[in-house]
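Engineer: Please read through the structure below; I'll follow up with questions.
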Amino acid sequence: MLKRKAYTLTEATRKIEHYCAYQERCHQEVVQKLREMHMIPEAIDQIMGHLISENYLNEERFARSFARGKFRIKSWGRNRISLELKKRNISPTIINIALRELEEPAYSDTLESLAKKRFKQLKGLNPWQQKKKLGDYLLYRGWESDLVYEQINRLVNKK
């Protein structure tokens, strides 16, 4: 039989402090980690209260960081970022604050460069297929449909 490590409240708190200090975390991730450590609900509540009061956990800070990172690194649009934050039980108010982190000139430029890059990969297809594949790609990445279709028309009609 597999033996699992039992944590005291102090050990678990120290371990979770390190977990939160290493990278921004949302409440859901921390609670999940504490459950994996087999902590009882009362201990989880006590540790979560400590983390919030000591500013190890801050949902708004997490959401802002998440939005900036996914936009900059993965080129996700507002829809995808919003959906992923909702999956993590972040409140709509905080999601709106996080989406304000995506400044307009950079947002449009990223969409344009992403569309151009993908469009080059679709050479050799007929215009209808190019529009379909480019649209699917950009919508999957969470870009707003009106911006996507505007970008598609600009690229396909430019040829």
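The values are calculated or read from the model by the stated rules, or taken from the named source; none is laboratory data. Because the structure is a prediction, the values reported are computed rather than measured. For neighbour counting, all protein chains shown are included, and Cβ atoms are generated from backbone atoms with ideal geometry for every residue, glycine included.
Engineer: Among the residues that make up segment 1-8, is at least one of them assigned to a helix (DSSP H, G or I) and either surrounded by 12 or more Cβ atoms within 10 Å (Cβ to Cβ) or not assigned by TED's automatic domain parsing to the domain that holds Asp146 (or both)?
Structural biologist: Within segment 1-8, not a single residue is assigned to a helix (DSSP H, G or I) and either surrounded by 12 or more Cβ atoms within 10 Å (Cβ to Cβ) or not assigned by TED's automatic domain parsing to the domain that holds Asp146 (or both).
A quick yes/no check of all residues on (1) surrounded by 15 or more Cβ atoms within 10 Å (Cβ to Cβ); (2) in a helix (DSSP H, G or I):
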residue: Lys33; (1), (2): yes, yes
residue: Glu42; (1), (2): no, yes
residue: Asp45; (1), (2): no, yes
residue: Leu57; (1), (2): yes, no
residue: Ala67; (1), (2): yes, yes
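Engineer: Out of segment 9-25, which residues are exposed (fewer than 12 other Cβ atoms within 10 Å of the Cβ) and in contact (Cβ under 8 Å) with a residue 24 or more places away in the chain? Reasoning before the result, please.
Structural biologist: Filtering segment 9-25 for residues exposed (fewer than 12 other Cβ atoms within 10 Å of the Cβ) gives 10, 18, 21-23.
Selection gives Ala21 alone.
Engineer: Out of all the residues in segment 119-128, is one or more assigned to a helix (DSSP H, G or I), of a type in the set (Gly, Ala, Ser) and either farther than 21 Å from Gln23 by Cα or not assigned by TED's automatic domain parsing to the domain that holds Thr13 (or both)? It would help to see each step written out before you state the result.
Structural biologist: First, pick out the residues of segment 119-128 that are assigned to a helix (DSSP H, G or I): 119-121, 127-128.
From what's left, of a type in the set (Gly, Ala, Ser): none.
The answer is no; no qualifying residue exists.
Engineer: Now for a separate question. If you scan segment 141-159, which residues turn out to be among the hydroxyl-bearing types (Ser, Thr, Tyr) and either buried (at least 19 other Cβ atoms within 10 Å of the Cβ) or farther than 13 Å from Glu112 by Cα (or both)?
Structural biologist: Kept after step one, since they are among the hydroxyl-bearing types (Ser, Thr, Tyr), are these residues of segment 141-159: 145, 149.
Answer for segment 141-159, where residues must be among the hydroxyl-bearing types (Ser, Thr, Tyr) and either buried (at least 19 other Cβ atoms within 10 Å of the Cβ) or farther than 13 Å from Glu112 by Cα (or both): just Ser145.
Engineer: Now for a separate question. Taking the condition of being touching a residue at least 24 places away in the same chain (Cβ under 8 Å), part of a loop (DSSP other than H, G, I, E, B) and of a type outside the set (Val, Ile, Thr), how many residues in segment 84-101 meet it?
Structural biologist: Start the filter on segment 84-101 by keeping residues that are touching a residue at least 24 places away in the same chain (Cβ under 8 Å), which leaves 88-91, 94-95, 97-99, 101.
Restricting the remaining residues to those that are part of a loop (DSSP other than H, G, I, E, B) gives 88-91, 101.
Still in the running and of a type outside the set (Val, Ile, Thr): 88-89, 91, 101.
Total satisfying the criteria: 4.
Engineer: While we're on this one: Looking at Leu138, Leu102, which one is crowded, with 17+ Cβ neighbours inside 10 Å, more than 13 Å from the chain's Cα centre (by Cα), of a type in the set (A, V, I, L, M, F, W, C) and within 30 Å of Arg25 (Cα to Cα)?
Structural biologist: Leu138
Engineer: State yes or no: is Asn89 closer than 30 Å to Asp136 by Cα and under 17 Å from the mean Cα position of the chain (by Cα)?
Structural biologist: yes
Engineer: While we're looking at this one, here's another question. Can you name every residue in segment 24-81 that is of a type in the set (Asp, Glu) and either out of contact with any Phe, Trp or Tyr (no Cβ under 8 Å at 6 or more places or on another chain) or farther than 30 Å from Arg141 by Cα (or both)? Spell out the reasoning first.
Structural biologist: Taking segment 24-81 as the starting set, the residues that turn out to be of a type in the set (Asp, Glu) are 24, 29, 36, 42, 45, 54, 59-60.
Once the filter is applied, which keeps residues that are of a type in the set (Asp, Glu) and either out of contact with any Phe, Trp or Tyr (no Cβ under 8 Å at 6 or more places or on another chain) or farther than 30 Å from Arg141 by Cα (or both), segment 24-81 yields Glu29, Glu36, Glu42, Asp45, Glu54, Glu59, Glu60.
Engineer: Check whether at least one residue in segment 26-47 is touching a residue at least 24 places away in the same chain (Cβ under 8 Å) and of a type in the set (Asp, Glu), and report yes or no.
Structural biologist: Let us first name the residues in segment 26-47 that are touching a residue at least 24 places away in the same chain (Cβ under 8 Å), namely 26-30, 37-39, 43, 46-47.
Checking which are of a type in the set (Asp, Glu) leaves us with 29.
Yes, because at least one residue in segment 26-47 is touching a residue at least 24 places away in the same chain (Cβ under 8 Å) and of a type in the set (Asp, Glu).
Engineer: Follow-up question, since we're still on this one. Can you tell me which condition Asn55 does not meet? The list is (1) touching a residue at least 24 places away in the same chain (Cβ under 8 Å); (2) closer than 23 Å to Glu101 by Cα; (3) not aromatic (Phe, Trp, Tyr), and all the others hold.
Structural biologist: Single failed check for Asn55: (1).
Engineer: A further question follows. On the given criteria, is Ile81 in contact (Cβ under 8 Å) with a residue 40 or more places away in the chain, in a loop (DSSP other than H, G, I, E, B) and within 19 Å of Gln23 (Cα to Cα)?
Structural biologist: In short, no.
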